[in-house]
1. Can you compute the FRET efficiency between T83 and L109 using 1/(1 + (r/R0)^6), with r the Cβ-Cβ distance and R0 = 22 Å? Round to the nearest 0.05.
2. Distance in nm between label sites at V47 and S99, each 7 Å beyond Cα in the beta-carbon direction?
3. To one decimal place, what orientation-averaged projected area in nm² is obtained for the convex hull of the Cα set of the stretch 30-126?
4. Which of the trypsin sites (Lys or Arg not before Pro) across the stretch 60-90 are loop residues per DSSP, with 15 or fewer other Cβ within 10 Å?
5. Check S76: other-chain or 5+ apart residues with amide H under 5 Å from its amide H, H built from backbone geometry?
6. What is the sum of charges, Lys and Arg at +1 and Asp and Glu at -1, for the other residues whose Cβ falls under 14 Å from the Cβ of S98?
7. Residue by residue through the stretch 47-63, what is 3J(HN,Hα) from phi via Karplus (6.51 cos²θ - 1.76 cosθ + 1.60, θ = phi - 60°)? Round to whole Hz and write x for glycine and proline.
8. I need the phi-derived Karplus couplings for the stretch 65-81: 6.51 cos²θ - 1.76 cosθ + 1.60, θ = phi - 60°, integer Hz, Gly and Pro marked x.
Amino acid sequence: MHRIFQLPLFFGIIIFGACKSSRMHAAGPFTGKVIGSICSQYTIQLVSGDMDPARYVETWKRSTDDSVYHKVFAVSNYCYFNTQGLQKGDVFQFRLLSSKPAENCAVCLIYEPTPPISNTIEVVQSNK
């Protein structure tokens, strides 16, 4: 009879021990720096904030000049970002947005390499 009670307890400990706690990451605000900004192809480097590592590239090498950057991503809502007046080297505060709006703006055809991960962001404050 004693073993009947031990068996569920044993399986409960195994199941509970196998579960990993999921860490929630904030949606912002974060601090970013514009490191690339040609023809609506923006690359942002995460300067500070607890962003989910799945939302950026840990190490990225720009093929045009072999520069290496850490914690970078491309901006997917480039029409909105164009209106913010941020240029290469500017530092700003931003939040991550969950959906990407339709992009209806003119862009040129110059190619600027960007990281393979992109995010939709909202600028909260610029520190130009």
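Just so you know, all these numbers are worked out from the coordinates, no wet-lab data involved. Just so it is clear, the structure is predicted and the values come from calculations on it, not from any experiment. Neighbour counts are summed over all protein chains in view; Cβ atoms, including those assigned to glycine, are modelled from backbone coordinates with ideal geometry.
1. Values: r = 21 Å, r/R0 = 0.94.
The formula returns an efficiency of 0.60 here.
2. According to this spin-label approximation, the distance is 3.1 nm.
3. Details: hull surface 23.4 nm².
With the hull built on Cα positions only, its mean projection is 5.9 nm².
4. Numbers: sites: K61, R62, K71, K88; in loops: R62, K88.
Taking the stretch 60-90 and a limit of 15 other Cβ atoms within 10 Å, the loop trypsin sites (Lys or Arg not before Pro) found are K88.
5. HN-HN under 5 Å from S76: N119, T120, I121.
6. On the way: positive: R55, R95, K100; negative: D52, E122.
Combined, the nearby Lys, Arg, Asp and Glu give +1.
7. Result, rounded to whole Hz: 8, 7, x, 8, 7, 4, x, 6, 9, 8, 9, 4, 9, 9, 10, 6, 6.
8. So the J values, rounded to whole Hz, are 9, 6, 6, 10, 10, 10, 6, 10, 7, 8, 8, 8, 9, 5, 5, 4, 4.
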